[in-house]
Amino acid sequence: MLAADLKNYTLAMELQYDVSYISKWVSGKVLPAEKSSEKVLRGISRCIVDALSDTAREKLCQDYQVFDMEDLERAIYDHLEAEYNYVKGLTKSIGTDIAPKTLHFASLTLPQFAAKMHHPALRNINSLNVVAAMDILSMEREYRFLVTQMSNQHMPLNRELSEVHYSLMLNLEIGRRDYIYDSIFLINMLSDNTNIDFNIYECPQAYGKLIFAVKDSYCISGMLIGSNRCLSVTISEEEEFREIMYERTSALCHREMLLFRKTTMDEMLLKYDYIQSMLSPDLRWLIGRMTEHFLSDDLFEEVLEQVCLSGKWAVDKESLRRVHSLTKTVLEESGIKIMIYESAFTAFSVSGEMDFYGHTVTLTTDQRLRYIQYMSSLLDTKNNLAVKMVHGRFVTDFQYSAKPCLFLSDSISYMRLDSENPQNNNLILNAPTIKEMFQKFYSEIWNHQHAVVIEDRATIQDTMDYALQAVRLLSKSDSGNL
């Protein structure tokens, strides 16, 4: 309202409320009634946008990282709703004032704790610095989402937010691990946060802790008891307390403790990490989308020309040809375990999209046919390739389960996340503990005694034949012969 120079009286006239109500809302003495809160908050959002000057409108659009008035009104509503729910949650909880702007709760359930983490300051996506030390992997599965999803709840997932920095410290040393669930959980958490500067660190001090601090805004801390409750929870907006909490927690984020190191495919090629990974013993691949590994020589040349024409390539053609030749030799002569998601065939046959050294390219229907035929020939004739197919999901808890490409070896292991941000979707497994965790994850899914994993070659071949048939039908449709 200050930014829009919107007066209480003007807002009261627009909302058809007495101005005394508006004054009490603004001062924080009273909240709008819960049954009418949505109508009120939407009305306030609309009035603010309508009252903005050109300069104020530009400033708010920058603060909320939006580009039109409809998105701005929605962003203001989201912020008001977050503030409303946060204050409502505080009034419904029995807490004790222990210092200015500081509350203490003897005991909270994890849902209650997560609700108090949903502070409206998280809506300031123009500049946000968050640090957390939380023993998430010791929580019950259903509560992990409550705690981790709040960080991007109000963030537009399709935009890069380079000024949003989030450092999360986890405990991996103490407690039992469910290697399949925990690994897939981490993959999904990484995939959900590729549009911000998100880093995960290994930190034994996070054991039994729940610490979340936002620079210049607030902090919340507690002790995790069991897997669903926390004790001695403190929430503070008091400047000295929150800044001490932020600085001391930030000091634990050491680069050598990074679980995943961000890189790009260009960097991996230029620094020979890609080649080193290919030449390492014990290769184990999990393929979530089609990649450059399964291109025939002629198709490789066609795609290479297509990508190089875009002008976004940092590696020269001859270097890429040598890498392709090495990949072909490794596939033909080395023993590799390969697991492919059935959905990778389905998506590729319909869209034609593949990952070519970190660049998304779209193949024609003719090129798709040749790609699948060559891949089928490789899997059928090369006995050194042990191939299995993933049909469905290992974990059903996730509404959407990310399907990355994971490349494990005895030296360099890395994964490509399924996201639109090339700066954050290529991750090298950095710490020994995370390498061991993903190796055990792969071993368990490879030996998974369940219908999710299919090792019958005939069934795998049938899937590829179905994909070929789908591409042929699309080809006829494109040519008008269907």
Practice problem: Name the one entry in LEU286, LEU299 that is open to solvent by less than 10 Å² (accessible area, probe 1.4 Å) and either small (Gly, Ala, Ser) or outside any helix (DSSP H, G or I) (or both). | Solution: LEU286
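Going residue by residue through segment 453-463, is there one that turns out to be in contact with a Pro (Cβ under 9 Å, 6 or more places away or on another chain), part of a strand (DSSP E or B) and surrounded by 15 or more Cβ atoms within 10 Å (Cβ to Cβ)?
No, that holds for no residue.
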Quiz item: If ASP410 satisfies every condition in (1) assigned to a helix (DSSP H, G or I); (2) within 22 Å of LEU279 (Cα to Cα); (3) open to solvent by 70 Å² or more (accessible area, probe 1.4 Å) but one, which is the exception?
Solution: (1)
Quiz prompt | All positions within segment 193-217 that are open to solvent by 50 Å² or more (accessible area, probe 1.4 Å), over 15 Å from MET169 (Cβ atoms) and either in contact with a helix residue (DSSP H, G or I) (Cβ under 6 Å, 6 or more places away or on another chain) or of a type in the set (Lys, Arg) (or both) | solution = LYS215
Practice problem: Look through TYR207, TYR201 and report the one residue that is over 30 Å from GLY392 (Cβ atoms) and at pLDDT 95 or above. | Solution: TYR201
Quiz item: Can you pull out the residues in segment 16-49 that are under 21 Å from ALA3 (Cβ atoms), open to solvent by less than 80 Å² (accessible area, probe 1.4 Å) and under 39 Å from the mean Cα position of the chain (by Cα)?
Solution: TRP25, SER27, GLY28, PRO32, VAL40, LEU41, GLY43, ILE44, SER45, CYS47, ILE48, VAL49
Self-check item: Subset of segment 218-240 (residues that are surrounded by fewer than 18 Cβ atoms within 10 Å (Cβ to Cβ), under 16 Å from ASN129 (Cα atoms) and in contact (Cβ under 8 Å) with a residue 24 or more places away in the chain)
Solution: GLU237
Self-check item: Enumeration of residues in segment 340-388 that are on the phi > 0 side of the Ramachandran plot and out of contact with any Asp or Glu (no Cβ under 9 Å at 6 or more places or on another chain)
Solution: GLY352
Quiz item: Within segment 327-368, which strands (runs of 3 or more DSSP E) (wholly inside it) include 3 or more residues that are in contact with a Leu (Cβ under 8 Å, 6 or more places away or on another chain) and open to solvent by less than 10 Å² (accessible area, probe 1.4 Å)?
Solution: 336-341
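Rundown of residues vs (1) assigned to a helix (DSSP H, G or I); (2) touching a helix residue (DSSP H, G or I) at 6+ places or on another chain (Cβ under 8 Å); (3) of a type in the set (D, E, K, R); (4) closer than 30 Å to SER319 by Cβ, yes/no style:
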| position | (1), (2), (3), (4) |
| --- | --- |
| LEU224 | no, yes, no, no |
| VAL233 | no, yes, no, no |
| GLU247 | yes, no, yes, no |
| GLU256 | yes, no, yes, no |
| MET268 | yes, yes, no, yes |
| ILE275 | yes, yes, no, yes |
| MET278 | yes, yes, no, yes |
Practice problem: Can you give me the number of residues within segment 155-189 that are open to solvent by less than 30 Å² (accessible area, probe 1.4 Å) and in contact with a strand residue (DSSP E or B) (Cβ under 7 Å, 6 or more places away or on another chain)? | Solution: 9
Quiz prompt | Some residue of segment 385-395 being hydrophobic (A, V, I, L, M, F, W, C), out of contact with any strand residue (DSSP E or B) (no Cβ under 6 Å at 6 or more places or on another chain) and not in a helix (DSSP H, G or I) | solution = yes
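The values are calculated or read from the model by the stated rules, or taken from the named source; none is laboratory data. Remember, predicted model here, so these are calculated numbers, not experimental data. Reconstructed Cβ throughout: ideal geometry from the backbone, glycine too, with neighbour counts over all protein chains shown. Note: accessible area is taken over every heavy atom of the protein model, side chains too, but ligands, DNA and RNA are not part of it. Shrake-Rupley method; radii C 1.70, N 1.55, O 1.52, S 1.80 Å.
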